[in-house]
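Enquirer: Got a structure for you, written out below as structure tokens; questions coming shortly.
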Amino acid sequence: MYDQYYGLSGRPFQLTPDPHYYFESGTHRKALSYLGYGLAQGEGFIVITGEVGSGKSTLVSHLMQSIDKVRLTAATIVTSQLDALDLVQMAAESFGIDTRGLDKAATLKSIENFLHGVARAGRRCLLVVDEAQNLTVDALEELRMLSNFQLGSTPLLQIFLLGQPEFRNLLQTAPELEQLRQRVIATHHLEAMDADEIQPYVEHRLSRAGWNGRPAITTDAYDALFNETGGVPRKLNALMNRCLLMGAVEQTDIIDGDLVASVIADMSAQPFAYDATMASHAPGADQGVEIGQPTAAAPVVDNAATQALVARIEQLEMRMASQDVTMRRVLAMLIDWMEKENQSLAARMRDFRAA
């Protein structure tokens, strides 16, 4: 809806990771440097952690687009409480290895044969494991064992592990993972964006969708966006989606602090009131009476009739305000449903590609 109203070519703040909208904040630049260093080393584990919504998956999607696919065979696993056997099978299937009817030993042998074949063709293999906090200690040990495969003195598989902060804590403290810790060659924890990165982030994503300055976004709007989201990309995307939606509903070309505050209240199911300024609808709309010009005499009116009319107008305004709030919430629910459907579809597509 709002993309059509503002003439955008897409929805720049969708929650599904999209490398097209990748923005390199300071912390993402550091993470990408560690990933690049890891790729240059060609061995061991690289660990990237971050809070929910910090942009780990978007970072990896961007990396996957930038790698040399002629020299590197890469596969991604998104984990969900996998045990050791499940992980081995998913690792095999992510590289296109048929595991039907194979037990664990046979599956491991198939993986080793595949890695040897890729190495002999002059290529390397990379396995990216997302949501690594869902893995058991046994599953992590299986990953370590996979990293043992070698051709002569050359490692055959490099592994990137992406996870939430609890995974970093597990990796640092679990005695059973000492051997895995010794094979980690670089780590980085993604932080939230700083306050001065919010405006570049928002404008970058809008520009990628063909933004030409409409809607304009005020300084106090950026302040409100940061204060509410703390600079977490996914939270910022969700809030900006709602702000643009309300802007389209209100038919305003200015996203200001009051609009952001109204959206925040609406998302929290709190009462709110927002009245777009006349200037945000149409420049020059203020047609007030010029000082010093004669004005027509006020007509004589019946006070009782006037009071009845005022009361009727107030009732209509209250009804319209209630309907407006209901409409916004219905639209918000629709947006939430669409975003969940998009995420579900993306998950099904990943599962389909993995299969």
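The values are calculated or read from the model by the stated rules, or taken from the named source; none is laboratory data. In this text, all values refer to a predicted model and were calculated from it rather than measured experimentally. Cβ placement follows ideal geometry from the backbone for every residue including glycine, while neighbour counts extend to all protein chains displayed. These accessible areas exclude ligands, DNA and RNA; they are computed on the full protein's heavy atoms, side chains included. Shrake-Rupley method; radii C 1.70, N 1.55, O 1.52, S 1.80 Å.
Enquirer: Here are GLY7, GLY38: which of them is over 18 Å from the mean Cα position of the chain (by Cα), more than 22 Å from MET193 (Cβ to Cβ) and surrounded by fewer than 20 Cβ atoms within 10 Å (Cβ to Cβ)?
Expert: GLY7 is the lone residue from the list that is over 18 Å from the mean Cα position of the chain (by Cα), more than 22 Å from MET193 (Cβ to Cβ) and surrounded by fewer than 20 Cβ atoms within 10 Å (Cβ to Cβ).
Enquirer: Okay, moving on. Answer yes or no as to whether ASP253 is over 21 Å from PRO19 (Cβ atoms) and touching an Asp or Glu at 6+ places or on another chain (Cβ under 9 Å).
Expert: Details: over 21 Å from PRO19 (Cβ atoms): yes; touching an Asp or Glu at 6+ places or on another chain (Cβ under 9 Å): no.
No: the conditions fail for ASP253.
Enquirer: Does region 55-74 contain at least one residue that is surrounded by 18 or more Cβ atoms within 10 Å (Cβ to Cβ) and closer than 20 Å to LEU180 by Cα?
Expert: Checked region 55-74: no residue is surrounded by 18 or more Cβ atoms within 10 Å (Cβ to Cβ) and closer than 20 Å to LEU180 by Cα.
Enquirer: Can I ask one more? Among the residues of region 142-158, write down those that are outside any strand (DSSP E or B) and either hydrophobic (A, V, I, L, M, F, W, C) or under 15 Å from ARG183 (Cβ atoms) (or both). Walk me through it before giving the result.
Expert: Filtering region 142-158 for residues outside any strand (DSSP E or B) gives 142-149, 152-153, 156.
Within region 142-158, GLU142, LEU143, ARG144, MET145, LEU146, SER147, ASN148, PHE149, LEU156 meet the criteria.
Enquirer: Could you tell me whether ALA139 is open to solvent by less than 70 Å² (accessible area, probe 1.4 Å) and either closer than 23 Å to ALA75 by Cβ or among the aromatic types (Phe, Trp, Tyr) (or both)? Reasoning before the result, please.
Expert: Details: open to solvent by less than 70 Å² (accessible area, probe 1.4 Å): yes; either closer than 23 Å to ALA75 by Cβ or among the aromatic types (Phe, Trp, Tyr) (or both): yes.
Yes; evaluated as a whole, the condition is true for this residue.
Enquirer: For the structure I just gave you, tell me whether PHE13 is open to solvent by less than 20 Å² (accessible area, probe 1.4 Å) and of a type in the set (A, V, I, L, M, F, W, C).
Expert: Values: open to solvent by less than 20 Å² (accessible area, probe 1.4 Å): yes; of a type in the set (A, V, I, L, M, F, W, C): yes.
It is true that PHE13 is open to solvent by less than 20 Å² (accessible area, probe 1.4 Å) and of a type in the set (A, V, I, L, M, F, W, C).
Enquirer: Restricting the search to region 159-208, which residues are touching a residue at least 40 places away in the same chain (Cβ under 8 Å) and assigned to a loop (DSSP other than H, G, I, E, B)?
Expert: Taking region 159-208 and keeping what is touching a residue at least 40 places away in the same chain (Cβ under 8 Å), we get 159-165, 167-168, 171, 177, 180, 183-194, 197, 200-201, 204-206, 208.
Answer for region 159-208, where residues must be touching a residue at least 40 places away in the same chain (Cβ under 8 Å) and assigned to a loop (DSSP other than H, G, I, E, B): GLN164, ARG183, GLU191, ALA192, MET193, ASP194.
Enquirer: Sticking with this one: Any chance you could count how many residues in region 219-240 are open to solvent by less than 20 Å² (accessible area, probe 1.4 Å) and in contact with an Asp or Glu (Cβ under 8 Å, 6 or more places away or on another chain)?
Expert: 3
A quick yes/no check of all residues on (1) among the β-branched types (Val, Ile, Thr); (2) farther than 17 Å from GLY44 by Cα; (3) out of contact with any His (no Cβ under 8 Å at 6 or more places or on another chain):
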{"position": "LEU85", "(1), (2), (3)": "no, yes, yes"}
{"position": "ILE97", "(1), (2), (3)": "yes, yes, yes"}
{"position": "SER110", "(1), (2), (3)": "no, yes, yes"}
{"position": "GLY122", "(1), (2), (3)": "no, yes, yes"}
{"position": "ASP138", "(1), (2), (3)": "no, yes, yes"}
{"position": "MET145", "(1), (2), (3)": "no, no, yes"}
{"position": "LEU151", "(1), (2), (3)": "no, no, no"}
{"position": "GLN164", "(1), (2), (3)": "no, yes, yes"}
{"position": "GLN179", "(1), (2), (3)": "no, no, yes"}
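Enquirer: How many residues does region 149-182 contain that are surrounded by fewer than 19 Cβ atoms within 10 Å (Cβ to Cβ) and within 24 Å of THR27 (Cβ to Cβ)?
Expert: Total satisfying the criteria: 8.
Enquirer: Taking THR49, is it among the polar types (S, T, N, Q), closer than 24 Å to GLU142 by Cα, in contact with a strand residue (DSSP E or B) (Cβ under 8 Å, 6 or more places away or on another chain) and open to solvent by less than 40 Å² (accessible area, probe 1.4 Å)?
Expert: yes
Enquirer: Can you run down the residue pairs with Cβ atoms below 8 Å, 6 or more apart or on separate chains, where the first is in region 210-225 and within 15 Å of ALA248 (Cα to Cα) and touching a residue at least 12 places away in the same chain (Cβ under 8 Å) and the partner is open to solvent by 40 Å² or more (accessible area, probe 1.4 Å) and of a type in the set (Val, Ile, Thr)?
Expert: Final answer for the pair search is PRO215/ILE254; ALA216/ILE254; ILE217/ILE254.
Enquirer: Here's another thing I want to ask about it. Report the residue count in region 206-244 for those that are farther than 18 Å from HIS28 by Cβ and among the hydroxyl-bearing types (Ser, Thr, Tyr).
Expert: Here the count works out to 3.
Enquirer: I'd like to know if region 46-67 contains one or more residues that are closer than 26 Å to HIS116 by Cβ and modelled with pLDDT of 85 or more.
Expert: yes
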